[in-house]
Amino acid sequence: MPVEVKICGLRDRAGVEAAAAAGARYAGFVFFPRSPRAVDVATARALAAWVPAGMGRVALVVDADDSLLDTITHEVAPDLLQLHGHESPARVAEIRARTGLPVMKALGVAEEGDLVAIADYLPVADRLLIDARPAPGAALPGGNGLAFDWHLIAGRHWPLPWMLAGGLTPANVAEALRLTGAQAVDVSSGVESAPGVKDAARIAAFVAAAHAV
């Protein structure tokens, strides 16, 4: 089975079509206003219509309130919610129950001690996203183009499906997959020509490199 690839931060039809044409498994839409990749609900609804059958639609939120979650759920109809804020395990469970959608909790890693928190989310999440922990004072919780030391998770196994993120590019994704054993990867800035501007050639190269492992 090929590695699953999520292209996150899609903002226009061209990006969605490039991700689909490359063979990505997921299209990610960011609902976080401070991100250069942010889209509003109306834009995301229009883009979701261009996501082909068999490709999952992922809504990325950061500490979203119930009102925003309800709006996204009803207007965009995502297949998966990505929680990329400081959501507690209790909040993750609450969101999962409220929306009826599977949830993927993002957890930042910079050192071995950061891995301890993963256990708290195993009973309440459907998937995990193991990402690079943002630097202190960073404006964004993800999409910063930073990688963490992949040796920290080499050989580790969790009972939930999980995705690797953080500083991945067409040039290093194969190495990251071989070292960590990940079966799914998430990329945003690594396939852009400028912040928020997806590059079709880089998307194709990234997916090809991931699938070749």
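One residue alone among Leu68, Leu107, Leu81, Leu47 is free of Cβ contacts under 8 Å to residues at least 40 places away in the same chain and in contact with a Ser or Thr (Cβ under 8 Å, 6 or more places away or on another chain), and that residue is Leu81. Taken over the range 165-178, the criterion of being at pLDDT 95 or above and surrounded by fewer than 24 Cβ atoms within 10 Å (Cβ to Cβ) is satisfied by Thr169, Pro170, Ala171, Asn172, Ala174, Glu175, Ala176, Leu177, Arg178.
Residues in the range 2-19 that are part of a loop (DSSP other than H, G, I, E, B), over 18 Å from Pro36 (Cβ atoms) and either acidic (Asp, Glu) or out of contact with any strand residue (DSSP E or B) (no Cβ under 8 Å at 6 or more places or on another chain) (or both): Pro2 alone.
Please determine, by comparing only the residues of the range 92-116 that are farther than 30 Å from Ala42 by Cβ and among the hydrophobic types (A, V, I, L, M, F, W, C), which one is nearest to the chain's Cα centre (by Cα). If you could, list the steps in order and put the result at the bottom.
Residues of the range 92-116 that are farther than 30 Å from Ala42 by Cβ, as a first pass: 107-116.
Pick out the ones that are also among the hydrophobic types (A, V, I, L, M, F, W, C) and you get 107, 109-110, 115-116.
On the way: Leu107: 11, Val109: 15, Ala110: 18, Leu115: 18, Val116: 21 Å.
Among those residues, the one meeting the criterion is Leu107.
When the residues of the range 34-91 are filtered to those that are polar (S, T, N, Q) and more than 18 Å from Leu107 (Cβ to Cβ), the one that is farthest from the chain's Cα centre (by Cα) is Ser67. If you filter the range 13-24 down to residues that are touching a Leu at 6+ places or on another chain (Cβ under 7 Å) and without any contact (Cβ under 8 Å) to a residue 40 or more places away in the chain, you find that the one that is surrounded by the most Cβ atoms within 10 Å (Cβ to Cβ) is Val16.
The values are calculated or read from the model by the stated rules, or taken from the named source; none is laboratory data. Everything numeric in this text was worked out from a predicted model, so none of it was measured. Cβ atoms come from the backbone with ideal geometry, glycine included; neighbour counts cover every protein chain shown.
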